[in-house]
Every structure is written in structure tokens, then in C-alpha cells.
Ligand SMILES: [Zn+2]
């Protein structure tokens, strides 16, 4: 309909790091559909404000850093997140777009992005398509392990992408006159990185090895222990994981190609803003790290953000996922919206809230159970934040500032304590980075009132169990 607002399709490829995509440095053949989308649109330098799923999505939906959104400490359950999000209803992206006349629908394959955590808020239609594959990762039964190996050998099962594609086709066929806002979360490149053939390039014997390695190094205990210190996965196992991770990204790129074709056949492509992004990246063995957590390094906070269709240009080359609601409001010309006006940005901030306080028994238990040392304890109990301009990154933790020159230390393995020499060399950069961190620390919480989560239930206990199996905190 002429004069109508554009449709919006927001695709989060969960755990996809920017450099897995051709517009951000991967080979030209790695993601042809995303490249084509970028060629006709824009590929933005985008930073996630957190290193894991829930706070990052909360920022993308509320326009707030996650501490302001109260999605941070203390450690949260699904019910806590639902309660925190309920206080943000008036600035929750799907709610605002729904009030502006959009038909809204969401589908998630991530068990954290779920109605239990409140992520169905504002969506007219919501589908949860979480697979059960990861639950077998920790099984100790011989029969289930055999099934796991057999399934991995056959490599015929995805993590929900095909089911999501079928659902999108139904949404297309049954949509009304109003413009739509559709949100999709895909977890194909989330661990345990076991894409189906033909994407899976490993030989049969290597697939069996990968199945065993996923059970050994990608179960909850191993990931948690690895995040606190370093992964035990040996080089060849990490190499297989990197191959399968890239294969999983390629699977999603072909998925995207078919979805774009569907929009084109329906005559909707030119009037739909199609966004491909992620909530955080992934460590795949760099500096001994595996998974996402306890770190704000660029492998985790640099995410893709490619947009095609009638979207507003970004005001600066660098942006944060907290800017997404305001950018969409500008793109679809919402005159009244609750978010800060979109502005040019030179620095992005990311925050990490440690799962344990220094005096928590859980920290003692973790350290003793896995025989870890003082460095692991510090990681487990130290919250911190960083500000980055894409070239330098300032870390602030325990009242101390450290600088990473990303050009000289791309792995971010050796942050340097800010002393007089650093002050002198990076004076201008430090001023801007500090200002951003200061602002994030003094920003008023985006909500008022107390968060009052519901008590635990059997269902919650079950979900927490699933969370652990998926390697989340
Ligand atoms: Zn995630």
C-alpha cells in the first residue's frame, strides 16, 4: 500500500561474530546472501552491549544498556528477566511498533528468548521452536550417547532453521493489510556447532570425533570451567569447531537467501527492512577461550549488522545495539517514541556482570570443584565494563583502568594498566572512552519501581537445568 510504513524483518543469528560474514572480513564465498543484502543496503560496524543472550536482546528491545534496564546483577532467573522487562513495557520495541499499527510476530529457537523470560511481550503471535539436541550433550546413559553419536554421524538435523522458514512462509501467506514487524532468533551457530549436511563439511570419521568433542568440551561443566580459565579442548578439536561454526553460518546464509526470495515473490522485498544481526559473538579457541562469557573481547562484542530495504542511513560508522530502536523509529518515521534520539556515536559501551560476588559460596564451590586458582576466582567474581572506539578499548574493573590497543594486541591478551605514559600517548582517545564509561555509570535507570520476580517453581528448576546444559551462566 502506497504511503504505508515499511515492514521490518529482524533476524538475530545468535552467537554470530562479525568476522564470520563477508562484509566484515570473511571470504567472499562465506556469506553470499548477506553480502548481497549489504551491497543493496548497509553493513554497519556494530557492537553488542553484553556478551550473552538475554542482556543483549533486552538492550536491542529497550534501547538501554542492560544495567539501566535492570537485566544485570544479581544473577537472574527467567522470572527475574520477565519482571525486569515488564517495567520497560512502554519502551519495548515490539510494544511500541504494535501501538504504531504494526502486526507483530516472533519466533525463537533459543530457550532464553522465550515467554518464560518475557520475550513474547508485545508480539501478537509468538512461537518457541527450541530443539532438544543440546539436552543430550550431558547425558551419561550409554544408549543416549549412542543416539547422540548416530545423530551427529547422520548430520541431518538442524537447530530449528527449517521450521522457522516454514513458519515465515505461513506468516507471509496469512498476513493482513498492516505493515509487519517480524523477529527471528536462530541458534544454528550456537554450540555444539553440529550443522546438518550438506553444510557440514567434515568426513564421517571427523563427524564422530566432533560428536565426542562436543560432549567433552561443550557441556555445561566444561564450558563454565573454560570460561573461568581456559578451555581444555585441544587444537584439532578447536579446528573442527571452527569449521563447523563457519558451516553453520553458511547454512543460515542460504536460509536468508530463501527468505529473501520469498519476500521478493510476494512483492514485499522493496518495502521491507531486512536486518541480519547477532546478540554477541563467540570465542573459538582464541587466547584459550571458548564460548561466550566473562569477557568483552571483540570476538564477543563485534556483531554483524546488515540491513537492506528502505532503512535510514546510520549517522556514524560505529553503533551499538542499544541504538537499534531509535534507528528503526527513524527508518519507519515514528514521530513519537520513547527512545533517545539517534545520534552519531564514536564510542560503544559493553558491560559484564559477574555471576558471583566475592563472598559467594558459589564461587568457593566452583573454584574447589574444578581445582581452579586465584585468576579464575577473579574472573568469576569481577564485574566490569568497557568502552571502544573500534581501535582502542578502555576496560574499567575494580576501580582500575586498562587499555587495549586493538591494532597492536588484536587478541586483547595483554591489557595495559593506564599510567602516565599511556595517558600521554592516548590522551584524546582516553577522554572520549572515559566520557562514555562515566555516562554509562551515572545514567539514570530507565525504569522506576522495584523488580518483584515470582518465586521459583518446578518449571523454573527445569529451565535452569536446560540453561546449564546449554552452557549459559
Ligand atoms: Zn545469544
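With N as its number of residues, region 215-346 has a Cα radius of gyration that, divided by 2.2 N^0.38 Å, comes to 1.34. Label separation (residue 151 vs residue 414): 4.5 nm, computed from points 7 Å beyond Cα along the C-beta direction. Evaluated on the chain, the Kirkwood hydrodynamic radius is 22.7 Å, with distances taken between all distinct Cα atoms. Taking every DSSP helix (H) stretch of at least 4 residues in the chain, weighting each as -39,500 (n - 2.57) and dividing the sum by the residue count yields a mean residue ellipticity at 222 nm of -11500 deg cm²/dmol. Rounded to two decimals, the Cα radius of gyration of region 288-359 over 2.2 N^0.38 Å is 1.42.
Length available on full extension from residue 254 to residue 383: 0.36 nm per residue minus the Cα-Cα distance, which gives 42.6 nm.
Obtain the radius of gyration and the Kirkwood radius of region 345-389 from its C-alpha atoms and give Rg over Rh. Rg divided by Rh gives 1.17.
Here the spin labels are modelled as points 7 Å beyond Cα on the Cα-Cβ line, and at residue 407 and residue 144 they lie 5.2 nm apart. Remark: spin-label model distance residue 86-residue 4 equals 3.5 nm, labels positioned 7 Å along the Cα→Cβ axis. P(r) tail, region 95-215: Cα-Cα pairs separated by more than 26 Å, 34% of all pairs. Over region 182-289, all Cα pairs binned in 5 Å intervals from 0 give whole-percent P(r) values of 2, 11, 19, 20, 15, 12, 8, 6, 5, 2, 0, listed from short to long. In region 160-240, the ratio of gyration radius to Kirkwood radius, Rg to Rh, stands at 1.17 when only Cα atoms are counted.
By the beta-carbon count within 10 Å of each Cβ, the least crowded to most crowded order of 335, 14, fewest first, is 335, 14.
Between residue 441 and residue 99, residue separation times 0.36 nm minus the direct Cα-Cα distance comes to 120.0 nm.
FYI, it's all coordinate maths here, none of it is from the lab. Nothing here was measured: the structure is a model prediction, and the numbers come from that model. In this analysis, Cβ positions are derived from the backbone assuming ideal geometry, glycine residues included, and neighbour counts consider all displayed protein chains.
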